[in-house]
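Asks: What follows is a structure written as structure tokens; I'll ask about it next.
Nothing in this text is a laboratory measurement; each read-out follows from the coordinates by a stated rule. Remember, predicted model here, so these are calculated numbers, not experimental data. Every residue, glycine among them, receives a Cβ derived from its backbone with ideal geometry; neighbour counts consider all protein chains shown.
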Ligand SMILES: [Zn+2]
Ligand SMILES: [Zn+2]
């Protein structure tokens, strides 16, 4: 199958000194690849089978099916829900799939989504070192045919750190945003935000992409203190909609993560990083999806802001507006784009932000080592 990935063809040393040219500069360089179409998905959801969620697998799947999502993982705590056993609403959309998965749930709040597995993944890992436990989960997941997303590193009771994730081989995905109200995505006085963790790992040379998910448990009652669906998702660019192709595309970073902002384009490299906001779809989502929860901020300017971010989280360039067209300085080890939409919350008038996070483009040639298992070429 075709995988819409891109590999960095050049290896250059990472230097912070950068010159990034912004929108409006015409380039003679080739346009970046933008093949495939976007599929909306949620990689993290619960059902009554876990004992603390409120809806059946069928009800949960129907929620996403009926709202235009294209794929969903019923990621139950240490239970494997075979998609073949879950009846979808009739008539069933042809462009909606369940990707088999599980939330590997280990003591000390070490949770991972085992994505696209063939069977149950074990979870009784007891090593005192968190990195070792995460590695064991990753290895067990790969043995079951899947790939790992490290979930909610900033869960309130027992956060994981960048140092915990950094040494783990074959860990290419982690939750940058998780919609559960008990997850402190943005950090606090004692814990860095997940985004700071991300830049720490990327700056240290790790290949890891940021996921946004619901971690939904509550479909019957909508409230800020409930973990409701529709708060975090990924948009994956792929040639076809099937579990192998979607998983492979995510391992290539062919997606963006969102908690409210939709993009028309998000093209990473090889020469430019181009982002364009889908303002209509974003406005519609923000006006109609009242489950969304923005990040409250003290100060800010209403509207869109696009940032190009480099090593150590350095903001290289900021554009106010809905389009960013950045020439990539390939002396930097990586760059990534982040879109922020700021508004006053209609109900409370509080200033709040929503985001779309583009995945990093690596100019230093880093690639999965060894390469992740991808579907065989046709
Ligand atoms: Zn969890
Ligand atoms: Zn969960």
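Asks: Any idea what % of Cα-Cα pairs in segment 292-361 are farther than 18 Å?
Replies: Counting pairs separated by more than 18 Å, the tail of P(r) holds 42 percent.
Asks: Got the relative contact order for the chain handy, in percent, Cα pairs under 8 Å and 6 or more residues apart?
Replies: Over the chain, the number comes to 20 percent.
Asks: What number does segment 83-211 give for Rg over Rh if you use C-alpha atoms and the Kirkwood radius?
Replies: Ratio value, two decimals: 1.01.
Asks: Another question, then. Given points 7 Å out from each Cα along the Cα-Cβ axis, report the residue 157 to residue 220 separation in nanometres with one decimal.
Replies: In this crude label model, residue 157 to residue 220 measures out at 2.3 nm.
Asks: On to the next question. Put one equal scatterer on each alpha carbon of segment 227-323, apply the Debye formula with no solvent term, and list log10 I(q)/I(0) at q = 0.17, 0.20, 0.22 1/Å to two decimals.
Replies: Summing over Cα pairs of segment 227-323 leads to -0.98, -1.28, -1.39.
Asks: While we're here: Which length gain, in nm to one decimal place, applies between residue 312 and residue 189 when the Cα-Cα distance is subtracted from 0.36 nm times their residue separation?
Replies: 42.4 nm
Asks: Next question, about the same structure. If each of residue 299 and residue 66 carries a label point 7 Å out from its Cα toward its Cβ, how far apart are those two points in nm?
Replies: Computed distance between label sites residue 299 and residue 66 equals 4.5 nm.
Asks: Using all C-alpha to C-alpha distances in segment 147-235, build P(r) with 5 Å bins and read off the rounded percent in each one.
Replies: 3, 15, 25, 23, 18, 10, 5, 2, 0
Asks: Can I ask one more? At 222 nm, what helix-only mean residue ellipticity would the chain give, in deg cm²/dmol to the nearest 500, using -39500 (n - 2.57) for each DSSP H run of four or more?
Replies: My calculation for the chain gives -4000 deg cm²/dmol from helical runs alone.
Asks: In the chain, if every C-alpha pair distance is counted and binned at 20 Å from zero, what percent goes to each bin?
Replies: 30, 61, 8
Asks: Provide the gained length on full extension for the span residue 92 to residue 284, in nm with one decimal, where the gain is 0.36 nm per separating residue minus the Cα-Cα distance.
Replies: Stretched out fully, the residue 92 to residue 284 stretch lengthens by 66.7 nm.
Asks: While we're looking at this one, here's another question. With label points built 7 Å along Cα→Cβ from the Cα atoms of residue 264 and residue 349, find their separation and express it in nm.
Replies: Each label point lies 7 Å from its Cα, and together they span 3.4 nm.
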